[in-house]
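Undergrad: Can you keep this structure in mind? I'll have questions shortly.
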Amino acid sequence: MSIIMWTSELSVGVERLDEHHRRLIDLVNQLGTAVASHDAQQVTGLVLGELTRYVFYHFGEEERLMELAGYEDLTAHRQSHRIMAEHVRTLERNYDADASKVVAAELYAFLADWLVHHIRSEDLRYKPALAAPQPIA
Ligand SMILES: [Fe+2]
């Protein structure tokens with residue numbers, strides 16, 4: 001199970017959001033490590049709970065900064081966040097209903113893929129807008 005590495009290539013140019021992304025990557029990696037050590041069942045619940053909470057917080061903060069910057073693709077980005085937030089919430093609900101039905105390795109693969117793809121293809125697009133000098137809020 002390969003672990004995701006945060007490198008400067010993934011930097012969106014806003015330290016606070018980079019920090020959030022590193023925290024999300026760390027959470028997903030915890031699940032990957034647990035899968036590799038065949039110790040995933042308990043960790044899956046913990047990671048899903050924390051991930052759901054943190055994803056909502058992070059998306060909210062990211063959207064707030066995009067809005068402040070007047071980012072033109074905010075609506076599409078927000079929509080992508082909503083879909084993922086709903087998905088993560090459903091995963092957590094499914095886990096709570098019957099933990100044995102959630103396959104940790106599949107969950108890890110899905111989350112790792114989504115996260116890296118989202119940062120690379122969507123988050124990095126707001127980098128120039130958020131790097132521009134902001135009006136004082
Ligand atoms: Fe995003």
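Undergrad: GNM on the chain, C-alpha springs below 10 Å: top fluctuator among A76, A34, A99?
TA: Of A76, A34, A99, the most mobile in the Gaussian network model is A76.
Undergrad: Taking the 0 to 90 degree range and rounding to the nearest ten, how far is the long axis of helix 104-121 tilted relative to the main principal axis of the chain, both from C-alpha atoms?
TA: Helix 104-121 sits at roughly 10 degrees to that axis.
Undergrad: Another one. Could you give the angle, 0 to 90 degrees to the nearest 10, between helix 74-97's Cα long axis and the longest principal axis of the Cα atoms of the chain?
TA: Roughly 20 degrees, rounded to the nearest 10.
Undergrad: Distance in nm between label sites at R64 and E106, each 7 Å beyond Cα in the beta-carbon direction?
TA: Placing both labels 7 Å along Cα→Cβ, they lie 3.6 nm apart.
Undergrad: Fully extended, how many nm does the chain gain between A97 and S8 (0.36 nm per residue separation, minus their Cα-Cα distance)?
TA: Extra length from A97 to S8 when fully extended: 28.1 nm.
Undergrad: Measure off, as a whole percent, the carbon and sulfur share of the 1.4 Å-probe accessible area of the chain, all protein chains present.
TA: C and S atoms contribute 55 percent here.
Undergrad: Using the Kirkwood radius over Cα pairs, work out the Stokes-Einstein diffusion coefficient for the chain at 4 °C and 1.567 mPa s, in µm²/s as a whole number. Please report the intermediate quantities before stating the final value.
TA: Values: Rh = 15.6 Å.
Value of D from the Cα-based Kirkwood radius: 83 µm²/s.
Undergrad: I'd like the orientation of helix 15-36 relative to the chain: the angle between its Cα long axis and the longest Cα principal axis, in ° from 0 to 90, rounded to 10.
TA: 10 degrees
Undergrad: Here's a follow-up. As an exercise, use a Förster radius of 30 Å and the Cβ-Cβ distance of K127 and R89 to find the FRET efficiency, rounded to the nearest 0.05.
TA: Numbers: r = 28 Å, r/R0 = 0.93.
Rounded to the nearest 0.05, the efficiency is 0.60.
Undergrad: Could I ask something else about it? Counting heavy atoms of the protein chains only and a 1.4 Å probe, report the per residue accessible area for the range 15-131 as a whole number of Å². Please list the in-between numbers first.
TA: Details: 6050 Å² over 117 residues.
Accessible surface, normalised per residue, equals 52 Å².
Undergrad: For the pair E72 and D39, how long in nm is the line joining their label points, each one 7 Å along Cα→Cβ?
TA: For the pair E72/D39, the computed spacing is 5.0 nm.
The values are calculated or read from the model by the stated rules, or taken from the named source; none is laboratory data. What you see is a predicted model; the values in this text were computed from it and never measured. Heads up, the Cβs are rebuilt from the backbone with ideal geometry, glycines too, and the neighbour counts pull from every protein chain shown. Accessible surface areas use protein heavy atoms only, side chains included; no ligands, DNA or RNA. Shrake-Rupley method; radii C 1.70, N 1.55, O 1.52, S 1.80 Å.
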